[in-house]
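This report concerns only the one structure given below.
Please treat every number below as a calculation from the coordinates, not as lab data. Owing to the predicted nature of the structure, the values given are computational and were not obtained by experimental measurement. Methodologically, a virtual Cβ is constructed for each residue, glycine included, from the backbone with ideal geometry; neighbour enumeration extends over all protein chains shown.
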Amino acid sequence: MSQPTTTEQIIDLFLLRVTPPDRAADLPYYTTGSIMAAAVMRLTIIGAAAWGFSSAYSSSGWWWTTVMFVAWGVGVYPAYLQYRRFNESVEQLQDGTLCGTCRHFNPTNQLCTILDEHVTSAEPPCEGEAWEPR
Ligand code: SF4
């Protein structure tokens, strides 16, 4: 997989990608960790902006209610959608590949734990020699 450009890294930092990049094929382009990090970044920015605006303008209960909706809609919900998408791809791997039935497969980051390589729907990185049942 080729390295992402700076623009792609910024896009990935905020979890703005809705379709897999060409370079990813069926490798994970977001993992649980990157999804959590992006959600925290978004919420931090929303929180800082909300706090800045609330001190600049006198804020009411409606203001904070609106902020809560924005935090959910822009901060949490996109991360939830990405997490669901990631889980669907991992489920496909678990159902359709040898690695998916192996005890060394880590579904959290779609990684073979003994080879430290991302697992895809293609040939297992160990060619089946290190496979062990769960
Ligand atoms: S040990 Fe082999 S079969 Fe098991 S997850 Fe790693 S590459 Fe896949």
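Among the residues of the range 118-129, those identified as surrounded by 15 or more Cβ atoms within 10 Å (Cβ to Cβ) and within 7 Å of the ligand (Cβ to nearest atom) are 119, 124, 125, 126. Residues that are more than 10 Å from the ligand (Cβ to nearest atom) and either of a type outside the set (Asp, Glu) or touching a helix residue (DSSP H, G or I) at 6+ places or on another chain (Cβ under 6 Å) (or both) within the range 94-109 comprise 94, 96, 107, 108, 109, listed in sequence order. When residues in the range 91-134 are screened for being of a type in the set (Asp, Glu) and closer than 17 Å to residue 32 by Cα, 3 of them pass.
With the structure loaded, tell me whether residue 121 is in contact (Cβ under 8 Å) with a residue 40 or more places away in the chain, more than 26 Å from residue 14 (Cβ to Cβ) and among the polar types (S, T, N, Q) or whether it fails that test. Yes; evaluated as a whole, the condition is true for this residue.
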